1. Just one of the numbered conditions (1) assigned to a loop (DSSP other than H, G, I, E, B); (2) surrounded by 10 or more Cβ atoms within 10 Å (Cβ to Cβ) is not true of I31; which one?
2. What pairs come up if the first residue lies in the range 51-73 and is touching a residue at least 60 places away in the same chain (Cβ under 8 Å) and over 14 Å from N101 (Cα atoms), the second is charged (D, E, K, R) and not in a strand (DSSP E or B), and their beta carbons are under 6 Å apart, counting only those six or more places apart or on different chains?
3. If N39 satisfies every condition in (1) within 22 Å of D112 (Cβ to Cβ); (2) surrounded by fewer than 11 Cβ atoms within 10 Å (Cβ to Cβ); (3) within 16 Å of the chain's Cα centre (by Cα); (4) not β-branched (V, I, T) but one, which is the exception?
4. I'm trying to understand the selection: among the residues of the range 55-86, which are of a type outside the set (D, E, K, R) and over 17 Å from the mean Cα position of the chain (by Cα)?
5. From the residues in the range 99-135 that are touching a residue at least 60 places away in the same chain (Cβ under 8 Å) and within 15 Å of the chain's Cα centre (by Cα), which one is farthest from F36 (Cα to Cα)?
6. Which of the residues belonging to the range 29-70 are out of contact with any Phe, Trp or Tyr (no Cβ under 9 Å at 6 or more places or on another chain) and among the aromatic types (F, W, Y)?
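The values are calculated or read from the model by the stated rules, or taken from the named source; none is laboratory data. This structure is a prediction, so every number in the text was calculated from the model and none was measured. Methodologically, a virtual Cβ is constructed for each residue, glycine included, from the backbone with ideal geometry; neighbour enumeration extends over all protein chains shown.
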Amino acid sequence: MKLFLTLIFSLLVLTSCEGPEGPKGLPGINILGQVFEVNIDLNATNNFEQVVTIPLSIEVFESDAILAYRYEGSFNGADIWTPLPSTYFDNFGGTFLYTFNHTYFDLKFFLDGNFNLGVLAPSWTDNQIFRVVVVPAEFADAGMTFEQLQNNIELEFVGN
């Protein structure tokens, strides 16, 4: 028991010690993502799709991530946003979804489903509010070519 208490006391003493503070690091980049909202119709008139141009005031690079959300309503004064793609099921076995694709200068929102989307109520197709979030990002650079990676990688075969 004495040995156990001595070990515990030693661990507490050793882990609570501090050394000198290291050098200050470089200042970080202070970048926030950009957000904008659009109100669009996704109905038979536009073939259930709509292209939205990213505002010129928002600088988007090819490496940036684009996220999109559909407004679902509010609860206790807070907006409810559902990330895309978002799938819904009707009472007749049908499935439809809101989704999008993008470049670094525009997005295309569209409805897709396994039935005639023209039977959807206007509450599902008209005046749909989407929030677009542009998240700054950079392509990863490991500083080596793919060939160098293949030569240096160590794989272990697991299986029969």
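1. (2)
2. What qualifies is S63/E138.
3. The number of the failed condition is (3).
4. Residues satisfying the conditions are P55, L56, S57, I58, G73, S74, F75, N76, G77, A78.
5. Among them, the one singled out is V135.
6. The one that is out of contact with any Phe, Trp or Tyr (no Cβ under 9 Å at 6 or more places or on another chain) and among the aromatic types (F, W, Y): F36.
Per-residue answers, yes or no, for (1) closer than 22 Å to D41 by Cβ; (2) modelled with pLDDT under 90; (3) in contact with an Asp or Glu (Cβ under 9 Å, 6 or more places away or on another chain):
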| site | (1), (2), (3) |
| --- | --- |
| T99 | yes, no, yes |
| Y104 | no, yes, yes |
| K108 | yes, no, yes |
| L111 | yes, no, yes |
| T125 | yes, no, yes |
| Q128 | yes, no, yes |
| V132 | yes, no, yes |
| A142 | no, yes, no |
